[in-house]
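See below for the structure under consideration.
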Amino acid sequence: MPWVSFFTINSTSGEIILAQPINELRRQYKAAAPLLLGVRAREIASSGAPPMDTTAEVALVLVNTENHPKFASTRYVGTIEEGSPALTAVRWDGATICRVTDDDQGKNGTFRLYLEGDGGTFDVQPSSGMNQVDFAILVKNPAALDYESNDRKYLDFHVVAREIQAVSPLSSTTEATDKDTGEFWKSSVSRQSMDLLPKNLILNSETGVITLQTLEEMDREQFQSIP
């Protein structure tokens, strides 16, 4: 019984006590089978008669303490192009690892994934997993990505991982931000176009609205076109 060294026993009360940290015991012995300890009780002889003894076997079960699912990052920032078709995957910034883990053993380590606050725009795949899963965010409703018809130019929503089989299901949440590339395209075009406009016109770099700054050179009889 290699795990015997992890325990000690009170010689008077018979109480079995951990002699080493429980986490180290869990690390070395993850088996679901009980840990068996042999316990012997022997009389303290008060006469010349030999002491009597008896033995018993104690089975110890490592009860799983539930851990909530954990995301590899507390915030993900990604980009999706305007007009992307359904099932297009969000591109994540940098060396992002879209992963969720649950260290619970057995069925306690199963969880489902879903989105909150995205308005039905996206979907998360896979929708469930066990212990460790790499996930992706896919377009579900392409119409919701139309830059011109949406007031919001980016979306903030949450990815939730919630345990399925646990007695008291635990969950974890991470924030996902999706930036519509149409916004950056418009800003870029605006900056490039500003230098091409006549001096009496102003282009708003945010909205694209062109405003007349002065009536100079606006006489139709004198000028056929704006210089």
At a 1.4 Å probe, what is the % contribution of carbon and sulfur to the accessible area of the range 1-155?
53
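With r as the distance between the Cβ atoms of Thr8 and His158 and R0 = 35 Å, compute the FRET efficiency 1/(1 + (r/R0)^6) and round to 0.05. It would help to have the intermediate numbers written out before the result.
On the way: r = 47 Å, r/R0 = 1.35.
According to the calculation, E is roughly 0.15.
I need the peptides 155-162, 86-93 ranked by packing, meaning the mean over residues of other C-beta atoms within 10 angstrom, with the highest value on top. Kindly include the intermediate steps, with their values, before the conclusion.
Numbers: 155-162: 18.4, 86-93: 14.4.
Listed from highest to lowest mean packing, they are 155-162, 86-93.
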What spacing in nm lies between the two simple spin-label points modelled at Ile22 and Asn141, each 7 Å away from Cα in the Cβ direction?
4.6
Averaged per residue, what accessible area in Å² does the range 1-113 show with a 1.4 Å probe, protein chains only?
67
Whole-Hz ³J(HN,Hα) for each residue in the range 100-114, computed from phi via Karplus 6.51 cos²θ - 1.76 cosθ + 1.60 with θ = phi - 60°, x for glycine and proline: what do you get?
10, 10, 9, 7, 4, 8, x, 5, 5, x, 8, 8, 10, 10, 8
Cα atoms only: what Rg and Dmax, in Å, come out for the range 7-147?
27.3, 97
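The values are calculated or read from the model by the stated rules, or taken from the named source; none is laboratory data. Keep in mind the model is a prediction, meaning the values are calculated, not measured. Every residue, glycine as well, gets a Cβ built from its backbone with ideal geometry; the counts of neighbours run over all protein chains shown. Side chains included, ligands, DNA and RNA excluded: accessible areas come from the protein's heavy atoms. Shrake-Rupley method; radii C 1.70, N 1.55, O 1.52, S 1.80 Å.
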